[in-house]
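*Asks:* Take this structure, written in structure tokens, and hold onto it; I'll ask about it next.
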Amino acid sequence: MLSAVVSALHLLALAIGLPAVYLRGRALKGPLDAAGFRRLFAADSLWGIAAALWLATGLLRAFAGLEKGTAFYLSSRLFWAKMALFGLIVLLEIAPMLAFIRWRTQLKRGEAPDTTRARTFYLVNHLQLALAVLMIFVAAFMARGFGTG
């Protein structure tokens, strides 16, 4: 039963994460006024929650004996491809994450954030979205035994 719950939570992260990153991109493209910042920060928070949930449930699925077993994952080239994609998404997230934390802090102080990098973050956001979709395909092929051996 635990395996099914963890698997469901892993898929729930997907259901939260993809719309969140899409909506974060829309917020970045729109006006960053008070309402725009609320939309941006709400979507960004959901994206962060989804990423944390993906990471936690993914580790449990791969290394806690809930799924196919650690040996299956570690011997799969597609598992390593999936981890590389996840790592790339995380690396791409560093700059926007730090900027959004800074923007939140500045807004709380009543300061106007410098949003000149919003267009760049919009492009990074869409790259992350594409990488997440690619991860889904890699995961589906991996789960069916492709890339082993």
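The values are calculated or read from the model by the stated rules, or taken from the named source; none is laboratory data. All of these numbers come straight from a predicted model, not from anything done at the bench. As a convention, Cβ positions derive from the backbone with ideal geometry for all residues, glycine included, and neighbour counts pool all protein chains shown. Ligands, DNA and RNA are excluded from the accessible area calculation, which covers all protein heavy atoms including side chains. Shrake-Rupley method; radii C 1.70, N 1.55, O 1.52, S 1.80 Å.
*Asks:* Need pairs with beta-carbon distance below 7 Å; first residue more than 13 Å from residue 90 (Cβ to Cβ) and assigned to a helix (DSSP H, G or I) and within the stretch 123-140, second charged (D, E, K, R) and open to solvent by 40 Å² or more (accessible area, probe 1.4 Å); sequence gap 6+ or separate chains.
*Replies:* Hits for this filter: zero, empty list.
*Asks:* Okay, moving on. I need every pair where a residue in the stretch 45-66 that is more than 15 Å from residue 23 (Cβ to Cβ) has its Cβ under 7 Å from the Cβ of a residue that is surrounded by fewer than 19 Cβ atoms within 10 Å (Cβ to Cβ) and acidic (Asp, Glu), sequence separation at least 6 or different chains.
*Replies:* Here the result reads 61/67, each pair linking the stretch 45-66 to a residue that is surrounded by fewer than 19 Cβ atoms within 10 Å (Cβ to Cβ) and acidic (Asp, Glu).
*Asks:* Go through (1) free of Cβ contacts under 8 Å to residues at least 12 places away in the same chain; (2) in contact with a Gly (Cβ under 6 Å, 6 or more places away or on another chain) one by one and return the number of the condition residue 76 breaks.
*Replies:* Here residue 76 clears every test but (1).
*Asks:* Same structure, new question: Could you give me the residue pairs with C-beta distances under 9 Å whose first residue belongs to the stretch 11-27 and is aromatic (Phe, Trp, Tyr), whose second residue is modelled with pLDDT of 95 or more and assigned to a helix (DSSP H, G or I) wherever it lies, and which are 6+ apart or on separate chains?
*Replies:* Between residues of the stretch 11-27 that are aromatic (Phe, Trp, Tyr) and residues that are modelled with pLDDT of 95 or more and assigned to a helix (DSSP H, G or I), the close pairs are 22/43; 22/125; 22/126; 22/129.
*Asks:* Follow-up. State yes or no: is residue 2 loosely packed, with under 15 Cβ neighbours inside 10 Å, more than 12 Å from the chain's Cα centre (by Cα) and closer than 21 Å to residue 137 by Cβ?
*Replies:* Numbers: loosely packed, with under 15 Cβ neighbours inside 10 Å: yes; more than 12 Å from the chain's Cα centre (by Cα): yes; closer than 21 Å to residue 137 by Cβ: no.
Spelling it out, it is not the case that residue 2 is loosely packed, with under 15 Cβ neighbours inside 10 Å, more than 12 Å from the chain's Cα centre (by Cα) and closer than 21 Å to residue 137 by Cβ.
*Asks:* Just checking, which of 87, 36 is outside any loop (DSSP other than H, G, I, E, B), of a type outside the set (Lys, Arg) and surrounded by 14 or more Cβ atoms within 10 Å (Cβ to Cβ)? Full working, then the answer.
*Replies:* Working: 87 fails: surrounded by 14 or more Cβ atoms within 10 Å (Cβ to Cβ).
One residue alone meets the criteria, 36.
*Asks:* Could you check how many residues of the stretch 108-146 are surrounded by 16 or more Cβ atoms within 10 Å (Cβ to Cβ) and farther than 20 Å from residue 45 by Cα?
*Replies:* Here the count works out to 4.
*Asks:* Being of a type in the set (Ser, Thr, Tyr), open to solvent by 40 Å² or more (accessible area, probe 1.4 Å) and not in a loop (DSSP other than H, G, I, E, B) narrows it down to one of 105, 57, so name that one. It would help to see each step written out before you state the result.
*Replies:* Details: 57 fails: open to solvent by 40 Å² or more (accessible area, probe 1.4 Å).
None of the others qualify; the one that does is 105.
*Asks:* Now, a different point. Can you pull out the residues in the stretch 107-122 that are in contact (Cβ under 8 Å) with a residue 40 or more places away in the chain and either of a type in the set (S, T, N, Q) or closer than 28 Å to residue 72 by Cβ (or both)?
*Replies:* 115
*Asks:* Here is a further query. Please verify whether residue 42 is under 18 Å from residue 115 (Cα atoms), at pLDDT 95 or above, surrounded by 14 or more Cβ atoms within 10 Å (Cβ to Cβ) and more than 9 Å from the chain's Cα centre (by Cα), treating the condition exactly as stated.
*Replies:* Values: under 18 Å from residue 115 (Cα atoms): yes; at pLDDT 95 or above: yes; surrounded by 14 or more Cβ atoms within 10 Å (Cβ to Cβ): yes; more than 9 Å from the chain's Cα centre (by Cα): yes.
Judged against the criteria, residue 42 is a match.
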